[in-house]
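Pasting in a structure now, in structure tokens, and then I'll have a few things to ask.
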Amino acid sequence: MQTTDVGSKVDGKVWYRKPNPSVSNGVIVSVVRTDAHQSKKVRFLQVAYDTTGDSFLAGDHHGNIYVFDISRNRFRLVQKTGQACTALAFSLHRTTEFLVALADYSIKCFDKDTKQLVSWMRGHEGAVSFISVHSSGRYAITTSSDTAQLWDLDTFQRKRKLNIRQSVGIQRVFFLPLSNTILSCFNDDSIFAWESDTLVCKFQLSVPQDGPRIHYKAFAITRDGKTLAAGGRSNLLHLWCLESRQLMRVVQMPPKVRTVRQLEFLPDSFDGGFSQVLGVLSQDGIMRFINIQSFKQLFEIGSIDNTITTVTICPKGRHIVAVMDTGALNIYSVQGLTQEVNKPPQPLVKVISQDSTAGGSGMLVKVRSGTVQRPKTSGRRVPAKVLRPPAVITGEEKENDLPGGLNKKRLLALLKAFGEYPAKYRMFVWRSLLQLPENHAAFNSLVEKGLHPAYLTLQERYPIKSQKLQRGLQRLLSALAHWSAIFGEADYLPLVAFPFVKLFQNNPLICFEVVATVIVSWGQHWFEYFPNPPLNVLSMVENVLAHHDKELLQHLVDCRITSQLYAWPLLETLFSEVLTRDEWLRLFDNVFSNHPAFLLVAVVAYVTCCRAQLLMLTFREDFEYFFHHRNNFDIGAMIKETYRLMSSTPADFHPRSTLRDFEPLLRGQYPVFNQYPTFIVEYQSQERERIRQQEAQYLRERQVLQDLRSEAVRQQAQDEAWHTQQELLQQAEQQRRHILQQEEAKLTTQRTKLAAMKRELKLKELQLVEATRRRFLHHQQDQRRVQLQRLDDEIQRKMALRDQETAAAVQDIEVRQMELDTKRRLFEQQLAKEQERVNQEVEAKLGARRHRAELEETAFRDMLQTDQDLTQDTKRVLEESVAEAGQLGADHEWQAEVLERLEQADADQRRRQRLLTQMSQETHDKEEELVKLIAEGKKWEEVVSRQAQLEEERKKRHQQVATIVEASPGDELCQESLKSQRQGETYDHQRQQDLTSPCPTRDRGHQSHSPPKQPNGILVCLNNQSPSESSTTFSLDRGRAELDCKERELMKEVRELRQKLARAKVGDSSTYSSSAVSQ
């Protein structure tokens, strides 16, 4: 036995010399790993095969994962996880990926080619003991003692989780092969089957309660998913049939087996997934393989000195990998193990010994079994040279010569000596024995005809997993059916041809000719009673059986078992159902090397070799099962029995007397095969053709109906789609309308906010302008606030019931006053700009006058700024007058009038002085009247004193103006400014009298209709001025009327505000008064 030390190698060879499993009890090689640093062995823990069966994974205690490729004799290190693995799986949808369950309760997915981590799955709270992968490779189930989890291997996400009580632990949860069923096994021996998609419980296996409890620990399932084996703390095994959901058998292992640790079925290529060999690993570390049909132990691996921990079997049934108790991996060859079992028994010799103590009258004979001992020769053996005579080719030798330089006699001698032909040269020997013509042209003509109608649906009747084998079998059967019509009608022909298709799948010509040769030579008279079985051939078999084993035949007759039940199943399948691949090849080595009658005699030999089992059967179903499934017997003994029957059967009913000798196929063209009832086949073919035509007509009509129905459905679907589309369009339209409404509402809100922001910005601009103005006029604003406060106190004293209205009106008036002040300043700036422009135009003519005019204008503005006693109405009138003056000054005609007035300045100087004097006198009179009215109140002493001060300042100002006028009699601008000032002062006196009068409305109305008088009593209307004075004279009556109208509107608004404030009960009158005064 070879031993390979992996050590610290990354890759290398598994073995270095060709292994001989038969010498070393089936062991190909033993793999160990020694740590170079610590000089001790590292134990292998887990093993998992891939779907091809050529390579397997192995994980050791240090977390190293190796891939061993047996077909290529190579191994390599694919991953280092750093921790021990508890389970492995290597059958994923992506063939290069594998799953590893680690000691930290996580599952990792790696790629063996790229050595990269694909995914990391967590979720278990205990060590994962088993990983089951679905046959599609897309799902996996991981099992621990407390839970089982279903994973999607495409997304590596957990789909479902099985939680149970702690008192009921989980033994194993796994997928059934070739189905979507999940089988769960628990510690209380309950077994449930679930649907993997919906997780609905399909059934439960009822454990028998009358016998001893097994405590299931190990489970195994056949490849077809129909048989379940379970074992545990007992030497009993339960075999369940999952189709009937019943317990089939209870198998009792030998007394040495006390506990079953692991169960594994040994698959076979020819069993169709129904495995008959079961491996049982017991507590003693020995795995015994038994046949579950005959219940005989076939072989065993392991020993007391070298025990086994766990075992993994190749999916193809070629190798067995065992993890030994020492931590090594032993790789067994199944072929080497079965050859040891199938070895023919040693010859027996009867030894007769005479008892010396016995008397002469009696003989005591003891029979014991012993092997034949060959005498030992002493000395050296001198080889002798044999001279061969010259070869003379006789007729018999010529008949034995085969193509390829082979001789049939020599092949038979080789076959009898070794029991089979060498596997390497078997196909060559068969081609020589069958003398295949290799008619390429004839075979191509048959293949070019295409698939035969009889085998168009072959995959439905005989489903094969391999698509390549399916297509090869379909092409072969179609070629046979085109060769002869009978082969399109025979239902059992696929069973006959399938073994040869599997052997010659890469050479369809050889496969066709082998099957055709078998049918022509070994299938003689098979089709004479078609469609019934060949009764004449079966009669020959029955005659041979009656001659050699009458007891067995009588038992079959008593059980009403005919040759159609025990002989025809073996013939129509050519023993492929009851033999393994190697056994079948050995049998047909002998069949092809002998007369065609050898096949029929082999049927009798098979029946006689199994006579003990057949004599125990009594039911027809048991016989049917027996002849359609594998049984435990020695193929070598069967072949020897066949040769014995061939030689000992009398010639009268020997099949050789009825069957022709072997006849090879003709070269160039294949022979005509018409050994069948032509009228039956033709009638059946005609009937089938008629039925096929009717089916075709029916299919065409159904297709037309289906087309009409599909067209109607399509039209209906189109109508529904159109209506649905219209509804969707309407809904979309309504939705868009709703969206537009929302957008419009949002836009309106945004516009409202924008307007508010504009108002805020405007207010801020006003505030900024006001702040700028206040920086220059801070002293004037303080005096105006004092005056407004005094006026507010006076109004509150006289109008107690209108305190709140007055406060609001004062506040509103202040805001408007600020606006008017701002406008007035702007108008003044515009007027200054206009005047500057005009001054620039007339600069050449007005050199000296311009300088004086600027001085007078500066003096006039200073004098206006010192006037701090003007009321709000007076300032409003003054602002309107200034605005009108600015507007008149902006007129283009004013320039011409200025030039004319400059020419007439000397003439009109004295007249304007008189007018100014008159206006000053009128202002003085109105101020005296205002003083008298104010003096009537007890609280107006301060007003009187202030009025006196104003009077004095006004007189001084008048004197200054008169002095300036006299000093510059020709300055028209100064005269106009002085006139405007006098008119504003006059209007201010009138407004002050209105405010201080107990009945301001009456006095204002009276005064508004009384024009001003001259000192000599002549009425003078300020609006009736000469054309030369119209540009500089302001209409006070018009401004007064506008102010009265605005005052009435303000009072109305004040009343409305008062009513609103009264409803809201906001604040008291003192708060509003204080806020109004502060503003």
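Taking only protein heavy atoms into account and a 1.4 Å probe, give the accessible area per residue of the range 769-859 in Å². The partial results should precede the final answer.
Details: 5570 Å² over 91 residues.
Counting only protein heavy atoms, the per-residue value for the range 769-859 is 61 Å².
Determine the alpha carbon to alpha carbon distance for each of LYS40/LYS115; LYS217/LYS316; LYS833/LYS1052 and list only those over 29 Å.
Violating the 29 Å limit, Cα to Cα: LYS833/LYS1052.
Further question: Give me the extension gain from LEU899 to GLU1049: residue separation times 0.36 nm, minus the current Cα-Cα distance, reported in nm with one decimal. Walk me through the numbers before you get to the answer.
On the way: separation 150, 0.36 × 150 = 54.00 nm, distance 4.30 nm.
Length gained, LEU899 through GLU1049: 49.7 nm.
Between PHE776 and ARG160, 0.36 nm times their residue separation minus their Cα-Cα distance comes to what?
213.4 nm
Separate question: Using a 1.4 Å probe and ignoring any ligands, DNA or RNA, find the accessible area of ASP908 and quote it in Å² to the nearest 10.
30 Å²
To continue, here is another question. Quick one: accessible area per residue over the range 36-190, 1.4 Å probe, rounded to a whole number of Å²? Before the final figure, lay out each step's value.
Working: 6810 Å² over 155 residues.
For the range 36-190, the per-residue accessible area is 44 Å².
Right, next: Which percent of the accessible heavy-atom area of the range 690-793 goes to carbon and sulfur, probe 1.4 angstrom?
56 percent
Can you give the charge dipole size of the range 803-862 about its Cα centre, rounded to the nearest 20 debye, using +1 on the beta carbon of Lys and Arg and -1 on the beta carbon of Asp and Glu? Don't skip to the end; give the middle numbers.
On the way: 11 positive and 15 negative charges, 107 e Å.
It works out to roughly 520 debye.
Could you please report the charge total around THR608, scoring K, R as +1 and D, E as -1 over all other residues with beta-carbon less than 15 angstrom from its beta-carbon?
With Lys, Arg at +1 and Asp, Glu at -1, the neighbours total -1.
Also: Assuming R0 = 56 Å, can you tell me the calculated FRET efficiency for the pair GLN726 and LEU768, based on Cβ-Cβ distance, to the nearest 0.05?
Between GLN726 and LEU768 the formula returns 0.40.
Further question: Mind checking which of TYR643, TRP584, LEU599 is farthest towards the positive end of the range 576-649's charge dipole, using Cβ charges of +1 (Lys, Arg) and -1 (Asp, Glu) about the Cα centre?
TYR643
Any idea what the dipole of the range 758-825 comes to, in debye rounded to 20, about its Cα centre with Lys/Arg Cβ at +1 and Asp/Glu Cβ at -1?
Details: 17 positive and 13 negative charges, 77 e Å.
Magnitude of the dipole: close to 360 debye.
Taking H placed 1.01 Å from N in the peptide plane, check which residues at least 5 places from VAL14 or on another chain put their amide H under 5 Å from its amide H.
Excluding prolines and chain starts, which carry no amide H, the hits are ARG74, PHE75.
At a 1.4 Å probe, what is the % contribution of carbon and sulfur to the accessible area of the range 500-607?
Carbon and sulfur together cover 45 percent of it.
Hey, another quick one. So for each of 568-575, 817-824, 775-782 I average, over its residues, the number of other beta carbons within 10 Å; can you give me the resulting order with the highest mean first?
568-575, 817-824, 775-782
Return the distance in nm (one decimal) between the two label points of a simple spin-label model at ARG737 and ARG1063, each offset 7 Å from Cα along Cα→Cβ.
Rounded to a tenth, the inter-label distance reads 3.6 nm.
Moving on. Accessible area per residue, 1.4 Å probe, Å², for the range 469-514: what's the number?
27 Å²
Within the range 652-666, name every residue whose backbone N is under 11 Å away from a label modeled 7 Å from Cα of SER539 along the Cβ vector.
Correct set: none at all.
Okay, next question. What distance in nm separates the simple spin-label points at ASN73 and ASP652, each placed 7 Å from Cα in the Cβ direction?
The two pseudo-label positions are separated by 6.1 nm.
Hey, another quick one. Applying a 10 Å radius around every beta-carbon, put 184-194, 251-261, 60-70, 276-286 in order of their mean neighbour count, most first.
Top of the packing list down: 276-286, 60-70, 184-194, 251-261.
Check which residues have an amide H placed less than 5 Å from ALA87's amide H, if you skip close sequence neighbours.
Amide H to amide H, under 5 Å and 5 or more residues apart or across chains, ALA87 pairs with ALA101.
Let me ask something additional. Full-extension gain between GLN246 and GLU952, please, as 0.36 nm times their residue separation minus the C-alpha to C-alpha distance.
Working: separation 706, 0.36 × 706 = 254.16 nm, distance 13.36 nm.
Stretched fully, the GLN246-GLU952 segment lengthens by 240.8 nm.
Using 7 Å Cα-to-Cβ label points, what is the ASP11/GLN459 separation (nm, one decimal)?
3.7 nm
What FRET efficiency do you get for LYS80 and LEU178 if R0 is 41 Å and r is their Cβ-Cβ distance, rounded to the nearest 0.05?
On the way: r = 36 Å, r/R0 = 0.87.
That gives a FRET efficiency of 0.70.
Using a 1.4 Å probe on the protein heavy atoms only, what accessible surface does ASP491 show? Give it in Å² to the nearest 10.
90 Å²
Using the Karplus curve 6.51 cos²θ - 1.76 cosθ + 1.60 with θ = phi - 60°, what ³J(HN,Hα) values do you get for each residue of the range 293-300, in whole Hz, with x for Gly and Pro?
Whole-Hz 3J(HN,Hα) from phi for the range 293-300: 9, 9, 6, 10, 7, 8, 7, 8.
Add +1 for every Lys or Arg and -1 for every Asp or Glu among the other residues with Cβ under 11 Å from the Cβ of THR307, and state the total. If you can, show how the numbers build up before the last one.
Numbers: positive: ARG261; negative: ASP284, ASP305, ASP325.
Computed value for this residue: -2.
Quick check: net charge around ILE464, other residues with Cβ under 10 Å of its Cβ, Lys/Arg +1 and Asp/Glu -1?
Net charge around ILE464: +4.
The values are calculated or read from the model by the stated rules, or taken from the named source; none is laboratory data. Just so it is clear, the structure is predicted and the values come from calculations on it, not from any experiment. We place every Cβ from the backbone using ideal geometry, glycine too, and count neighbours over all the protein chains shown. Just so you know, the surface numbers come from the protein's heavy atoms only, side chains and all, with ligands and any DNA or RNA stripped out. Shrake-Rupley method; radii C 1.70, N 1.55, O 1.52, S 1.80 Å.
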